[in-house]
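**Student:** Okay, here's the structure, questions in a sec.
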Amino acid sequence: MLGSTYGTLTTDSRRARVIACGEQPGPAVHGRTGADELDVSGRPLHSDVPDLDRFFRPESVAVVGASDAEGRPNTGITRQLMGWAERVGARLYPVHPTRATVFGLTCAPTVADLPEQVDLAVLLVADPLPVIEQLADTKVKFAVAFASGFAETGDAGAAAQERLAAAVDRSGLRLLGPNTNLNAFERFRDDLEGPAIALITQSGHQGRPVFALQELGIRLSHWAPTGNEADLETSDFIAYFSQQPDVGAIAAYVEGLKDGRAFLLAADRAAQAGVPVVAVKVGRTETGARTAASHTGKLTGADTVVDAAMRQFGVIRVDGLDELQDTAALLARAKRPRADGVVVYSISGGTGAHFSDLATDAGLTLPTLSDAKQAELHQWIPEYLNVANPVDNGGHPVGDWRGRKIIDAILADPSVGVLICPITGPFPPMSDKLAQDLVDAAEQTDKLVCVVWGSPVGTEEAYRTTLLASSKVATFRTFSNCITAVRAYLGHHRFTTGYRSPFEEAPRTPSPSFRKAQALMRPGKQLSEHAAKQLLRAYGIRVPREQLVTSAAAAVRAASQVGYPVVMKASAPQLAHKSELGLVKVGLTSASQVRDAYRDLTDIARYEGIDLDGVLVCQMVERGVEMVVGITQDELFGPTVTVGLGGVLVEVLRDTAVGVPPFTEDQARALLDELRGRALLDGVRGAPPADLDALVEVVLRVQRMALELHDELAELDINPLMVLPRGQGAVALDALAVCR
């Protein structure tokens with residue numbers, strides 16, 4: 001049980017601690033207004049889901065700039081829109097100032113002349129701004145702007161896009177684009193069954209591999225090509241798609257996020273609904289342009305924060321479009337797993353060993369089958385073959401029923417949730433019979449059956465006719481894509497089981513610590529270590545016993561009161577890396593050493609031109625694990641919290657994890673599990689286990705500080721935070737704070 005968490009309030013239970021942080025309201029209620037919609041940082045705690053039904057299935061459509069002139073680009077687009085409108089049952093009205101008809105349909109000269117209020121206006125004009133202003137009076141619900149030449153072209157284009165966005169905001173309509181395409185109006189197959197994939201792409205061509213899944217029998221329901229996102233953005237479509245009963249998974253290709261908090265809220269909705277979101281997010285190699293003095297600022301790059309935000313809210317990030325299509329397809333169609341165990345079944349011992357190595361290295365659990373199960377399998381598999389997992393059949397039986405018996409026996413094991421059969425190449429008739437037995441078994445089980453068909457040809461009948469014709473077997477072409485998808489599948493269901501939205505318990509009102517901390521802020525300045533530690537004290541974070549002194553005699557008195565041995569440090573605003581300048585003295589055990597240290601520190605500071613506010617005489621804390629906890633400001637997500645291994649090697653090891661507020665206590669603990677050096681906290685080489693509860697407590701308190709002081713605190717760096725043995729707490733030995 002943790003003690004105090006945010007501010008200086010102490011409690012005896014987790015529930016009381018949360019209430020002390022602010023109110024603990026129930027789930028967000030759609031459509032509420034008022035201060036309770038915002039957390040203590042002023043950011044929204046829920047967002048409305050846009051009603052996009054009339055965008056994807058309008059009753060009436062206006063095509064502004066419609067054409068039937070041969071050779072004109074707008075002619076082909078008009079023809080495609082007419083076909084789409086017919087498929088969705090919408091009335092289509094062409095709009096053109098000089099044409100009486102387009103493809104036999106009466107043409108309105110302006111949008112003001114339309115015979116009815118339309119749901120959707122498609123703008124085939126080079127400059128959509130004047131049309132948006134005209135549409136404001138027609139009460140149209142949605143518009144699509146294909147025109148390019150906006151933010152993607154530079155500063156002038158960005159300014160033009162801002163004017164367009166402002167006009168859209170004034171008009172009351174919702175806009176897709178600009179710089180989008182016709183993907184939303186594609187012909188979707190309507191002969192496929194089962195849960196569908198809803199697709200979101202900022203680049204239309206990047207969605208083609210997922211769209212092509214229809215040719216493999218996997219259903220798609222929507223395609224949102226968001227373009228430059230002057231208004232409607234990726235987050236809007238995630239929120240909407242997650243509420244659609246026929247959507248089994250959301251696949252997204254994202255080039256940039258428009259609003260970090262909106263993305264978190266949308267991902268949170270999807271997590272609560274249990275709808276998986278699989279995303280390619282480009283920009284992994286970009287680093288944040290942070291040059292601040294704190295270690296945390298140097299360790300946190302822009303993509304690091306995006307990656308952390310996605311992981312924290314259950315968005316499955318993949319790298320390639322092939323991974324996107326395979327992972328989304330599996331998650332859309334597979335039922336909830338009954339167990340996490342994976343069994344590899346192969347016709348080759350080498351194949352089974354190879355696949356098992358890769359799967360285990362990726363974090364999948366391959367349980368050893370029980371002695372009883374192995375004995376059962378050896379009824380049909382020779383004794384000299386290994387059936388512990390992976391299961392080596394030595395060659396799948398072709399001439400009788402034994403092959404199906406083997407597969408059914410594996411699937412009947414309660415520890416098994418997934419069966420994977422890697423077939424590296426076709427070997428008829430064995431591979432044909434194996435494929436058919438796997439399909440037949442999959443039809444009779446609610447467990448996941450996966451096949452990797454490794455043939456580069458892909459024209460074999462067993463693959464095209466048997467495997468791809470089955471909606472029960474998940475078929476892959478590579479080991480890596482299969483492992484990636486299965487790992488995501490099991491991870492998604494673990495994540496959503498018992499998922500609790502962190503927005504439900506995010507603080508709404510400032511804690512008593514807030515006003516104390518405000519008094520310490522010095523706008524635009526870096527605080528001295530002494531002032532930074534006062535800031536930590538204000539939020540109930542423990543610091544060593546220490547005194548700030550301005551004379552050698554006072555230093556000696558302070559040392560006797562603090563208790564030997566002591567540490568002495570120079571203290572001054574803007575002073576970041578004291579050790580590098582020789583401004584830290586450790587392990588002082590006598591009055592004479594304290595006097596000498598005081599003289600040395602002040603002499604060095606004078607030589608370096610540092611104007612000291614004094615010298616800190618500090619309690620020496622030695623036994624524990626050195627960690628770092630800090631705050632940085634991300635331009636997309638706002639304040640972020642970093643935790644990792646600390647001390648002098650923090651920038652060398654770079655073993656950190658990032659949390660994006662709000663996050664819960666469980667999520668704070670999960671951050672620690674991301675660290676490569678996590679085992680140090682459990683005690684190694686005879687060291688006692690560290691006080692994990694105290695470390696989590698500090699992380700949560702720092703989160704509260706990040707939220708409450710987001711307008712005033714640019715960076716915070718606690719390094720080292722000495723985490724003492726279990727039950728003894730954690731102590732912030734040094735701190736750096738930079739005010740905004």
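**Student:** Can you find a residue in the stretch 270-282 that is modelled with pLDDT under 90 and under 18 Å from the mean Cα position of the chain (by Cα)?
**Tutor:** Within the stretch 270-282, the first condition is being modelled with pLDDT under 90, and the residues that meet it are 282.
Going one step further and asking which of them are under 18 Å from the mean Cα position of the chain (by Cα), we end up with 282.
The answer is yes; a qualifying residue exists.
**Student:** Related question: Tell me which residues, restricted to the stretch 459-489, are more than 25 Å from Arg338 (Cα to Cα) and in a helix (DSSP H, G or I).
**Tutor:** Once the filter is applied, which keeps residues that are more than 25 Å from Arg338 (Cα to Cα) and in a helix (DSSP H, G or I), the stretch 459-489 yields Glu461, Ala462, Tyr463, Arg464, Thr465, Thr466.
**Student:** Given the condition part of a helix (DSSP H, G or I), touching a Pro at 6+ places or on another chain (Cβ under 9 Å) and not β-branched (Val, Ile, Thr), answer yes or no: does some residue in the stretch 61-80 qualify?
**Tutor:** We begin by selecting, within the stretch 61-80, every residue part of a helix (DSSP H, G or I); these are 73-80.
Keeping just the survivors that are touching a Pro at 6+ places or on another chain (Cβ under 9 Å) gives 78.
Next, from what is left, pick out any that are not β-branched (Val, Ile, Thr): none.
For the stretch 61-80, residues part of a helix (DSSP H, G or I), touching a Pro at 6+ places or on another chain (Cβ under 9 Å) and not β-branched (Val, Ile, Thr): absent.
**Student:** Follow-up question, since we're still on this one. Tell me, please, whether a residue that is part of a strand (DSSP E or B) and at pLDDT 95 or above can be found in the stretch 695-704. Reasoning before the result, please.
**Tutor:** Let us first name the residues in the stretch 695-704 that are part of a strand (DSSP E or B), namely none.
Checked the stretch 695-704: no residue is part of a strand (DSSP E or B) and at pLDDT 95 or above.
**Student:** Evaluate the following for Val280: is it in a loop (DSSP other than H, G, I, E, B), of a type outside the set (Ser, Thr, Tyr) and within 15 Å of Ile316 (Cα to Cα)? So that I can check it myself, show each step before the final result.
**Tutor:** On the way: in a loop (DSSP other than H, G, I, E, B): no; of a type outside the set (Ser, Thr, Tyr): yes; within 15 Å of Ile316 (Cα to Cα): yes.
In short, no.
**Student:** Same structure again: So if I check each of Pro397, Pro456, Pro428, Pro414, which one is outside any strand (DSSP E or B) and free of Cβ contacts under 8 Å to residues at least 12 places away in the same chain?
**Tutor:** Numbers: Pro397 fails: free of Cβ contacts under 8 Å to residues at least 12 places away in the same chain; Pro428 fails: free of Cβ contacts under 8 Å to residues at least 12 places away in the same chain; Pro414 fails: free of Cβ contacts under 8 Å to residues at least 12 places away in the same chain.
After applying the criteria, what remains is Pro456.
**Student:** State whether one or more residues within the stretch 324-336 are more than 14 Å from Ile483 (Cα to Cα), over 38 Å from the mean Cα position of the chain (by Cα) and among the hydrophobic types (A, V, I, L, M, F, W, C). Full working, then the answer.
**Tutor:** Going through the stretch 324-336, the residues more than 14 Å from Ile483 (Cα to Cα) turn out to be 332-336.
Imposing the further condition that a residue be over 38 Å from the mean Cα position of the chain (by Cα) reduces the set to none.
Checked the stretch 324-336: no residue is more than 14 Å from Ile483 (Cα to Cα), over 38 Å from the mean Cα position of the chain (by Cα) and among the hydrophobic types (A, V, I, L, M, F, W, C).
**Student:** In the stretch 638-656, how many residues are among the hydrophobic types (A, V, I, L, M, F, W, C) and modelled with pLDDT of 95 or more? Explain how you work it out, then say what you get.
**Tutor:** In the first step, residues of the stretch 638-656 are kept if they are among the hydrophobic types (A, V, I, L, M, F, W, C); the result is 641, 643, 645, 648-650, 652-653.
Adding the requirement that they be modelled with pLDDT of 95 or more leaves 641, 643.
Qualifying residue count, the stretch 638-656: 2.
**Student:** Every residue in the stretch 711-740 that is among the charged types (D, E, K, R) and in a strand (DSSP E or B), please.
**Tutor:** Residues of the stretch 711-740 among the charged types (D, E, K, R): 711-712, 715, 717, 726, 734, 740.
Within the stretch 711-740, Glu715, Asp717 meet the criteria.
**Student:** While we're on this one: Residues of the stretch 167-182 being in a loop (DSSP other than H, G, I, E, B) and hydrophobic (A, V, I, L, M, F, W, C), which ones? Write out each step before concluding.
**Tutor:** Step one: filter the stretch 167-182 for residues in a loop (DSSP other than H, G, I, E, B), giving 172-173, 177-182.
Listed by number, the residues that qualify are Leu173, Leu182.
**Student:** Would you point out which residue out of Asp691, Asp717 is in contact (Cβ under 8 Å) with a residue 24 or more places away in the chain, surrounded by fewer than 23 Cβ atoms within 10 Å (Cβ to Cβ) and either among the acidic types (Asp, Glu) or closer than 24 Å to Gln312 by Cα (or both)? Steps first, please.
**Tutor:** Working: Asp717 fails: surrounded by fewer than 23 Cβ atoms within 10 Å (Cβ to Cβ).
Residue meeting the stated conditions: Asp691.
**Student:** Would you mind telling me which numbered condition in (1) crowded, with 21+ Cβ neighbours inside 10 Å; (2) in a strand (DSSP E or B) Ala558 fails?
**Tutor:** Condition (2) is where Ala558 drops out.
**Student:** Which of (1) modelled with pLDDT of 95 or more; (2) farther than 25 Å from Val699 by Cα; (3) outside any helix (DSSP H, G or I) does Gln593 not meet, given it meets every other one?
**Tutor:** Among (1) modelled with pLDDT of 95 or more; (2) farther than 25 Å from Val699 by Cα; (3) outside any helix (DSSP H, G or I), Gln593 violates only (3).
**Student:** Here is a follow-up. Just checking, which of Arg557, Arg542, Arg595, Arg606 is charged (D, E, K, R) and touching a strand residue (DSSP E or B) at 6+ places or on another chain (Cβ under 7 Å)? Working first, answer last.
**Tutor:** On the way: Arg557 fails: touching a strand residue (DSSP E or B) at 6+ places or on another chain (Cβ under 7 Å); Arg595 fails: touching a strand residue (DSSP E or B) at 6+ places or on another chain (Cβ under 7 Å); Arg606 fails: touching a strand residue (DSSP E or B) at 6+ places or on another chain (Cβ under 7 Å).
From the options Arg557, Arg542, Arg595, Arg606, the qualifying one is Arg542.
**Student:** If I go through the stretch 605-618 residue by residue, how many of them are at pLDDT 95 or above and surrounded by fewer than 17 Cβ atoms within 10 Å (Cβ to Cβ)?
**Tutor:** Within the stretch 605-618, the first condition is being at pLDDT 95 or above, and the residues that meet it are 615-618.
Imposing the further condition that a residue be surrounded by fewer than 17 Cβ atoms within 10 Å (Cβ to Cβ) reduces the set to none.
Number satisfying all stated conditions: 0.
**Student:** Taking Val621 as the residue in question, decide whether it is assigned to a loop (DSSP other than H, G, I, E, B), farther than 22 Å from Cys739 by Cβ and among the β-branched types (Val, Ile, Thr).
**Tutor:** yes
**Student:** Pick out the one residue from Pro382, Pro422, Pro426, Pro456 that is touching a Phe, Trp or Tyr at 6+ places or on another chain (Cβ under 9 Å), more than 24 Å from Leu490 (Cβ to Cβ) and either of a type outside the set (Phe, Trp, Tyr) or surrounded by 14 or more Cβ atoms within 10 Å (Cβ to Cβ) (or both).
**Tutor:** Numbers: Pro382 fails: touching a Phe, Trp or Tyr at 6+ places or on another chain (Cβ under 9 Å); Pro422 fails: more than 24 Å from Leu490 (Cβ to Cβ); Pro456 fails: touching a Phe, Trp or Tyr at 6+ places or on another chain (Cβ under 9 Å).
Residue meeting the stated conditions: Pro426.
**Student:** Something else about it: Over 25 Å from Pro97 (Cβ atoms) and either in the same structural domain as Pro94 (by TED's automatic domain parsing) or touching a helix residue (DSSP H, G or I) at 6+ places or on another chain (Cβ under 8 Å) (or both) - does that describe any residue in the stretch 116-129? Can you show your working first?
**Tutor:** Applying the first criterion (over 25 Å from Pro97 (Cβ atoms)) to the stretch 116-129 yields none.
No, because not a single residue in the stretch 116-129 is over 25 Å from Pro97 (Cβ atoms) and either in the same structural domain as Pro94 (by TED's automatic domain parsing) or touching a helix residue (DSSP H, G or I) at 6+ places or on another chain (Cβ under 8 Å) (or both).
**Student:** Sticking with this one: Scan the stretch 85-116 for residues that are closer than 17 Å to Lys141 by Cβ and surrounded by 12 or more Cβ atoms within 10 Å (Cβ to Cβ) and report the count.
**Tutor:** Filtering the stretch 85-116 for residues closer than 17 Å to Lys141 by Cβ gives 85, 88-93, 95, 111-112, 114-116.
Subsequent filtering for residues that are surrounded by 12 or more Cβ atoms within 10 Å (Cβ to Cβ) retains 85, 88, 90-93, 95, 111, 114.
Here the count works out to 9.
**Student:** If a residue has to be buried (at least 16 other Cβ atoms within 10 Å of the Cβ) and in contact with a strand residue (DSSP E or B) (Cβ under 8 Å, 6 or more places away or on another chain) to count, how many in the stretch 622-652 make the cut? Reasoning before the result, please.
**Tutor:** Restricting attention to the stretch 622-652, the residues satisfying the condition of being buried (at least 16 other Cβ atoms within 10 Å of the Cβ) are 624-634, 636-647, 650.
The next check asks that each one be in contact with a strand residue (DSSP E or B) (Cβ under 8 Å, 6 or more places away or on another chain); those that pass are 624-634, 639-647, 650.
Within the stretch 622-652, residues that are buried (at least 16 other Cβ atoms within 10 Å of the Cβ) and in contact with a strand residue (DSSP E or B) (Cβ under 8 Å, 6 or more places away or on another chain) number 21.
**Student:** Sticking with this one: Output the residues belonging to the stretch 55-100 that are touching a strand residue (DSSP E or B) at 6+ places or on another chain (Cβ under 8 Å) and of a type in the set (Ser, Thr, Tyr).
**Tutor:** Ser60, Ser67, Thr78, Tyr93
**Student:** Could you run through the stretch 183-205 and say how many residues are part of a loop (DSSP other than H, G, I, E, B) and under 21 Å from Val247 (Cα atoms)?
**Tutor:** Our first condition is that a residue be part of a loop (DSSP other than H, G, I, E, B); within the stretch 183-205, this holds for 186-195, 202-203.
Of the ones still in play, those that are also under 21 Å from Val247 (Cα atoms) are 186-195, 202.
Summing the residues that are part of a loop (DSSP other than H, G, I, E, B) and under 21 Å from Val247 (Cα atoms) in the stretch 183-205 gives 11.
**Student:** Pairs, please: C-beta under 9 Å, at least 6 apart or cross-chain, first residue closer than 14 Å to Asp392 by Cα and in the stretch 365-377, second of a type in the set (Ser, Thr, Tyr) and surrounded by fewer than 13 Cβ atoms within 10 Å (Cβ to Cβ)?
**Tutor:** Pairs that qualify, where the first residue is closer than 14 Å to Asp392 by Cα and the partner is of a type in the set (Ser, Thr, Tyr) and surrounded by fewer than 13 Cβ atoms within 10 Å (Cβ to Cβ), are Gln374/Thr368.
**Student:** Which of the residues spanning the stretch 538-580 are over 22 Å from Leu724 (Cα atoms) and β-branched (Val, Ile, Thr)?
**Tutor:** Selection gives Val549, Thr550, Val556.
**Student:** Please count how many residues of the stretch 83-100 are in contact (Cβ under 8 Å) with a residue 12 or more places away in the chain and either within 16 Å of Phe146 (Cβ to Cβ) or not hydrophobic (A, V, I, L, M, F, W, C) (or both).
**Tutor:** Narrowing the stretch 83-100 to residues in contact (Cβ under 8 Å) with a residue 12 or more places away in the chain: 83-85, 87-97, 99.
Checking which are either within 16 Å of Phe146 (Cβ to Cβ) or not hydrophobic (A, V, I, L, M, F, W, C) (or both) leaves us with 83-84, 87, 89, 91, 93-97, 99.
Qualifying residue count, the stretch 83-100: 11.
**Student:** So, in the stretch 105-131, exactly how many residues are assigned to a helix (DSSP H, G or I) and farther than 11 Å from Val64 by Cα?
**Tutor:** Keep residues of the stretch 105-131 that are assigned to a helix (DSSP H, G or I), which gives 111-113, 129-131.
Next, from what is left, pick out any that are farther than 11 Å from Val64 by Cα: 112-113, 129-130.
Residues in the stretch 105-131 being assigned to a helix (DSSP H, G or I) and farther than 11 Å from Val64 by Cα: 4 in total.
**Student:** Continuing with this model, one more query. If you go through the stretch 143-181 one residue at a time, how many are over 29 Å from the mean Cα position of the chain (by Cα) and surrounded by 19 or more Cβ atoms within 10 Å (Cβ to Cβ)?
**Tutor:** Taking the stretch 143-181 and keeping what is over 29 Å from the mean Cα position of the chain (by Cα), we get 143, 145-149, 155-157, 159-160, 163-164, 166-168, 170-173.
Still in the list and also surrounded by 19 or more Cβ atoms within 10 Å (Cβ to Cβ): 143, 145-147, 160, 164, 167-168, 171, 173.
So the count comes out to 10.
The values are calculated or read from the model by the stated rules, or taken from the named source; none is laboratory data. Because the structure is predicted, anything quoted here is derived from the model rather than measured. Here Cβ is always computed from backbone atoms with ideal geometry, including for glycine, and neighbour counts include all displayed protein chains.
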